[in-house]
Amino acid sequence: MPVRVASDLEVEETDYSQPAKFGWKDFYDFRNHVVRVLGRFGSVGPSGEADLSGEDDDRPRFRGGGVRNPDFFVVDDMYNENDRLSIVECDVKFVDAELIQSMVAMASSFPGWRVVMNMGDSGLRVYGDRVLVGGRRFWGCSTIEEIGARCNMPVEFESPPPSVESMYPLWVDVICGEFSSASAYATPQNREWREAVRALEHMSSSKGVPLDPRAYDRIRYDLHPLTRREFAGRLLSAASSIPTERLRAARRNLMQEAADGLTTGSFDDRRRLAGLISEGQRAAINAVDAKDVVFWWPYIIDATKEAPEFLRPILEAELRTLLANRNQWIQLSGVFGLARLHVGDIAEIVDHALGSNPAWLADDSLIKWLLEVRTGSVAYPSGLQLN
């Protein structure tokens with residue numbers, strides 16, 4: 001029987017008020033089958049198959065696995081007792097038509113269960129009788145063969161049309177968690193925004209309240225990267241005039257957009273955005289916790305996939321400007337950001353920062369961490385309290 005391909009908007013809402021639908025052995029039995037299928041196509045981790053011989057009250061034990069950076073990361077915690085699914089995270093390059101067909105064949109023995117494959121810019125929901133696709137990468141796909149082919153092709157973006165300017169207010173409200181209905185905004189004039197609005201409307205239709213800022217993850221990579229970079233830069237430049245609550249809500253999305261934006265465009269585009277990221281950090285001082293200020297730049301560096309070499313000159317130059325900032329936590333952000341770039345003079349940087357902030361000497365946990373950073377550590381601190 002042919003396998004139907006449709007949009008992931010077809011996924012049904014789960015009623016969590018209902019009693020549990022399955023137990024841990026049911027979940028790990030399905031996950032074991034997922035692990036076996038994926039093991040034919042690459043490495044699987046972080047855990048191997050679960051031992052199902054224990055009692056119902058036992059925690060599952062795993063056989064095999066232990067792969068540090070597997071091709072297929074199969075979540076080993078049971079999501080809940082209502083959603084019949086196993087979550088897999090992987091790079092889209094590891095997925096092809098044969099893998100998807102094998103997963104469908106396996107899932108056909110588990111009615112109602114699905115494999116959720118999260119692949120960065122896109123995703124698949126694989127059942128025993130259908131495959132639901134999400135993301136621009138799979139627009140127009142109607143067969144598993146087409147899905148597999150798209151997994152091995154770059155996502156194509158034409159130049160963003162001028163009409164996307166009218167979408168800026170909608171974009172801001174989505175990343176701030178204030179989107180409820182598309183009726184309050186201009187009508188989208190091109191496909192990517194029509195698709196985005198369709199997904200947002202679908203997510204909001206049954207909730208009756210503004211969507212959580214994390215809903216933006218569903219449409220992020222459907223939107224043109226140059227549009228996203230432009231919109232993020234604009235919001236960062238206006239951050240000082242944004243109400244505290246909105247800026248706090250938008251922080252996570254803004255930081256991811258900043259990281260993505262740093263990897264697109266010309267050298268001057270990236271350098272300009274780096275300056276706007278620091279401008280946003282200064283504006284956020286009174287909106288977020290001290291730790292969020294300190295880790296503002298390190299988190300962005302991490303989100304750029306450990307700062308590719310072409311970004312290092314821009315990032316290092318920008319972070320060194322933070323070392324002279326009057327705010328101690330912005331200074332510390334510069335110190336730790338430079339540490340995560342593995343600059344050669346980190347010991348001198350730490351010494352200078354300590355000399356400029358004698359109050360730090362009274363904080364044992366901060367001093368302990370900085371002394372580790374001074375000798376080359378790039379680990380995030382545990383138990384650090386900043387006041």
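Every number in this text was worked out from the coordinates using simple rules, so none of it is lab data. Please read these numbers as outputs of a predicted model, since none were measured by experiment. Backbone-built Cβ (ideal geometry, glycine too); neighbour counts: all protein chains shown.
Summary table
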| item | result |
| --- | --- |
| Principal-axis tilt of helix 244-261 within the chain, Cα atoms, nearest 10 degrees | 80 |
| Cβ crowding within 10 Å averaged over residues, with 154-161, 3-10, 172-179 ranked highest first | 172-179, 3-10, 154-161 |
| In the stretch 248-320, chymotrypsin sites (Phe, Trp or Tyr not before Pro) in a DSSP loop with at most 10 other beta-carbon atoms within 10 Å | none |
| Built amide H within the under 5 Å cut-off of Asp51, gap 5+ | Arg61, Phe62, Arg63 |
| In the stretch 295-350, the trypsin sites (Lys or Arg not before Pro) that fall in loop regions by DSSP, at most 14 other Cβ within 10 Å | Lys305, Arg326 |
| Overall dimensions of the chain by Cα: Rg and Dmax, Å | 23.3, 73 |
| Karplus 3J(HN,Hα) series, Hz, for the stretch 111-117 with 6.51 cos²θ - 1.76 cosθ + 1.60 (x for Gly, Pro) | x, x, 8, 9, 9, 9, 10 |
| Using θ = phi - 60° and Karplus 6.51 cos²θ - 1.76 cosθ + 1.60, couplings along the stretch 358-364 (whole Hz; Gly, Pro as x) | x, 5, 5, 5, 7, 9, 4 |
| Interatomic Cα distance distribution for the stretch 157-223, bins of 5 angstrom, percent | 3, 18, 33, 27, 13, 5, 1, 0 |
| Residue-by-residue Karplus 3J(HN,Hα) for the stretch 76-93, coefficients 6.51, -1.76, 1.60, Hz, glycine and proline x | 9, 9, 6, 4, 5, 9, 10, 8, 7, 7, 10, 9, 10, 10, 7, 6, 4, 5 |
| Gain in span if fully extended, Phe310 to Arg194, counting 0.36 nm per residue against the direct Cα distance | 38.3 nm |
| Interchain or long-range residues, amide H under 5 Å from Leu85's placed H | Arg114 |
| Contour excess over end-to-end distance, with Cα ends at Glu145 and Asp212 and 0.36 nm allotted per residue | 20.7 nm |
| FRET efficiency estimate (nearest 0.05) - Cβ-Cβ, Tyr16 to Thr321, R0 56 angstrom | 0.70 |
| Amide H within-cut-off set for Ser43, under 5 Å, with H built and near neighbours excluded | Asp71, Phe72 |
| Euclidean distance of C-alpha centroids, the stretch 312-375 and the stretch 66-141, integer Å | 42 |
| Rounded to the nearest 20 debye, dipole of the stretch 157-223 from Cβ charges on Lys, Arg, Asp, Glu | 180 |
| Per-selection Kirkwood Rh - the stretch 273-341 (Cα, Å, 1 d.p.) | 11.7 |
| Percentage relative contact order, the stretch 229-387, counting C-alpha pairs under 8 Å, at least six apart | 19 |
| Gyration tensor (alpha-carbon) shape descriptor, the stretch 4-151, a/c threshold 1.5 | oblate |
